[in-house]
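Accompanying notes for the structure given below.
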Amino acid sequence: MGLLQPGQLGRGRAVGLPRFNKPARLPVPLFHARVLVSLRASVLDPAGEATRAAAERLGVEGIRRLRIGKAIEVELEATDRAEAEAKLGLLSDRLLANPVIEDWKLVIGDTSTGGLG
């Protein structure tokens, strides 16, 4: 009488319990980050210099210095901002930037604030 029949209340398992007894995953804050990577000031930037020269040929004058870098957008789950910064710092130091010739800067936000800030 107390047994569940197939098709009742989630096909024989208690309502609200995840399948295979896996614990329900708690929501983790999602952080949005932008890692800005640029060549160190002491490193020559031939691509930047070629772009500056091309701009002059197009008639855009007055550019004294032009350096090219890269921006990497990352969405990351972390329990708090400190953990997100630690993860992103490791990622930037070891994977996204070459520490010999490049510097990086982190811009971080979270979904509760509406993005980067």
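Across region 30-91, counting alpha-carbon atoms alone, Rg and Dmax equal 17.1, 51 Å. For region 48-95, with only Lys/Arg (+1) and Asp/Glu (-1) charged at the beta-carbon, what is the dipole magnitude about the Cα centre, in debye rounded to 20? Rounded to the nearest 20 debye, it is 440 debye.
Bear in mind that the values in this text are calculations on the coordinates, not laboratory data. These numbers were taken from a predicted model, which means no experiment stands behind them. Positions of Cβ are backbone-derived with ideal geometry, glycine not excepted, and every protein chain shown enters the neighbour counts.
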